[in-house]
Amino acid sequence: PKTLKETFAAKLPAEVERIKKLRKVHGSKIVDEVTLDQVYGGARGIKSLVWEQVRMLSEDWAARSDLPGYVVELVDRCPPDLHPMAQLSLAVTALERDCAFAKAYARGTNKKEYWEYVFEDSMNIIAKLPTIAARIYHNVFREGRSVPVAVQKDKDFTFNLVNQLGFGNNEEFTELMRLYITLHADHEGGNVSAHATHLVGSTLSSPMLSLASGFNGLAGPLHGLANQESLNWLQKMKATIGDDLSDKAITDYLWSTLNSGQVLPGYGHSVLRQTDPRYLAQRTFALRHLPNDPMFKLVSQLYKLAPEVLTQHGKTKNPYPNIDAHSGVLLQHYGLRETRFYTVLFGISRAMGVLAQVIIDRALGFPIERPKSYSTDAWVGFVGAK
Ligand code: NMX
Ligand code: MLT
C-alpha cells in the first residue's frame with residue numbers, strides 16, 4: 001500500500017492543474033462583497049480562505065515519537081505554575097532546531113519541493129505531541145514523580161496518548177479520547193488556531209513556529225481555553241448553589257455571570273448558529289456511558305436553560321453550546337480532573353488539521369498573506385460618511 005506521502009504526491013499534480021484552470025477561467029469573478037461591519041467585526045464571514053483535509057497514520061507517528069533530549073530538558077525545567085499551553089508552545093517552538101524545511105530552504109531548495117519537507121516536519125511534530133503533553137502532565141500534576149511510559153509502536157496514536165498520561169488501562173476512556181481527537185482536529189480555516197498557523201506559515205516560517213502561533217491563539221479563553229473555563233465555571237456554580245440544582249437556582253447563576261460582565265463559557269460561536277454538532281457527538285457519548293454523572297446532569301440542565309437566558313440577554317448571535325461546553329465533564333468523569341491541561345488535549349488534535357493545511361499551502365504554492373488595512377478616517381471617506 002502507498003504511504004500517506006505517496007498518496008498525497010500522486011494527487012497533487014491534478015489538484016495544481018485544477019486550481020490553475022479555475023483561476024485562468026474564473027480568476028476575475030467576484031466571490032464576495034465586504035461590508036464595513038465585517039471590516040470592524042473580525043473579518044467574520046468574509047470568503048477568503050481555501051482549506052482541505054488529509055488522514056492520519058498512527059504507525060508512522062509512533063515511529064517518529066521520540067523527543068530530542070533538549071526538549072525533554074526544556075519541559076522539565078518549566079516551573080509547574082507556567083500554564084501547560086505555554087509549555088506546549090515552548091516545546092513545539094524548540095522542535096524547530098530539527099526542522100527539515102528550514103534546512104532545505106537554507107540550501108536553496110526549489111519551491112516546488114517545499115511541501116515534502118513540511119510534510120516530514122508536520123508528521124514529526126504530530127508524532128511527538130503526545131509524549132510532550134504527557135511529560136508536561138506528569139511534571140505539573142504529578143510533581144514529576146512519574147514520567148510518560150514509552151510509546152507502543154504497534155498501538156494507535158490515541159491509545160499511546162492515553163497510556164502515556166497514565167490512563168491506558170481504561171478502554172472506555174481511550175474510546176472517548178478517540179472521539180475527542182477526531183472531533184477537535186479541524187473545523188475549517190477561519191478559526192483562530194487554524195488561521196494563525198496558516199498566516200504565520202505563509203511567511204515560510206517553519207511548521208514548528210507556525211503551529212506554536214496557532215497554539216498561542218488556542219490558549220485564549222474565547223477559543224480553546226474555553227474548555228478549561230467551562231469546567232471551572234460549572235464547578236464554581238455547583239460550589240455556590242450547593243445541592244439546590246433547581247432551574248431557578250441555575251438561571252439566577254447564569255444571570256449573575258452575565259451581569260458581572262463575563263461570558264458564559266462554552267456558549268456562543270463566531271460562525272455556528274445552532275448547537276455545535278461536536279457538542280452533540282459528546283452528548284451522545286455521555287448519554288450512552290455516563291448518564292447519571294452529576295456534572296453531566298448539570299451540563300444537560302444548562303443546555304435546557306442557557307439558550308433562553310442568552311436569548312433574553314440579547315447579545316450573542318448564537319445562544320447554543322459549542323464543543324467546549326461538554327468536553328470537560330467527560331474528561332473529569334474518567335479521572336482527568338486537571339482543567340489546566342484540557343486545552344493541551346485540544347491542541348494535540350488541532351495540530352493534525354492545521355498542519356495538514358500547511359502542507360497543502362506549500363504544495364499549492366499559496367502566497368504570503370497580506371490583507372490591506374486603512375484608518376477609520378480612510379474608511380469614513382471610503383463609505384462616504386460624514
Ligand atoms: N456569553 C455572554 N455573551 C456572549 C456570549 C456568551 N457565551 N457569546 C457572545 N456573547 C456576546 C459577545 O461578547 C458580544 O458582546 P459585545 O457586543 O459586548 O462585544 C456579543 O455577544 C456578540 O458576539 P457574537 O457576534 O455572537 O460572537 P463573537 O463572534 O464575537 O464571539 C465567541 C464568539 C465564541 C468568542 C463568543 O460566543 C464567546 O465569547 N463565547 C464564550 C467563550 C467560548 O465558549 N469560546 C469557545 C469557542 C469554541 N472554541 O473552541 O474555540
Ligand atoms: C474551533 O473549533 O476552532 C472553534 O469552534 C472556534 C471557531 O470555529 O471559531
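How many residues, within the stretch 306-322, are part of a loop (DSSP other than H, G, I, E, B) and touching a strand residue (DSSP E or B) at 6+ places or on another chain (Cβ under 9 Å)? It would help to see each step written out before you state the result.
So the first thing to find is which residues in the stretch 306-322 are part of a loop (DSSP other than H, G, I, E, B), and the list is 314-320, 322.
Next, only the ones that are touching a strand residue (DSSP E or B) at 6+ places or on another chain (Cβ under 9 Å) stay: 316, 318-320, 322.
So the count comes out to 5.
Residue under question is V92, and the condition is that it be among the hydrophobic types (A, V, I, L, M, F, W, C), closer than 20 Å to L204 by Cβ and not in a helix (DSSP H, G or I); does it hold?
No.
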Looking only at the stretch 245-267, and only at residues there that are within 16 Å of F296 (Cα to Cα) and out of contact with any strand residue (DSSP E or B) (no Cβ under 8 Å at 6 or more places or on another chain), the one that is nearest to ligand 1 (Cβ to nearest atom): P265
Any hit, the stretch 40-53, residues being of a type in the set (S, T, Y) and closer than 30 Å to S146 by Cα: no
Residue check, G189 assigned to a loop (DSSP other than H, G, I, E, B) and in contact (Cβ under 8 Å) with a residue 24 or more places away in the chain: yes
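I need a count of the residues in the stretch 323-342 that are in a helix (DSSP H, G or I) and either within 16 Å of ligand 2 (Cβ to nearest atom) or not hydroxyl-bearing (S, T, Y) (or both).
Residues flagged as in a helix (DSSP H, G or I) and either within 16 Å of ligand 2 (Cβ to nearest atom) or not hydroxyl-bearing (S, T, Y) (or both) within the stretch 323-342 amount to 13.
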Inter-residue pairs, beta-carbon under 8 Å, first closer than 18 Å to G328 by Cα and in the same structural domain as Y267 (by TED's automatic domain parsing) and in the stretch 298-313, second in a helix (DSSP H, G or I) and among the small types (G, A, S), 6+ apart: V299/A286; V299/A325; L302/A325; Y303/A325
Residue ID - nearest to R337 (Cα to Cα), chosen from residues in the stretch 148-175 that are out of contact with any helix residue (DSSP H, G or I) (no Cβ under 8 Å at 6 or more places or on another chain) and not in a helix (DSSP H, G or I): N169
Check on V358, out of contact with any Gly (no Cβ under 8 Å at 6 or more places or on another chain) and more than 14 Å from ligand 2 (Cβ to nearest atom): no
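The values are calculated or read from the model by the stated rules, or taken from the named source; none is laboratory data. All values reported here derive from a predicted model rather than from experimental measurement. We place every Cβ from the backbone using ideal geometry, glycine too, and count neighbours over all the protein chains shown.
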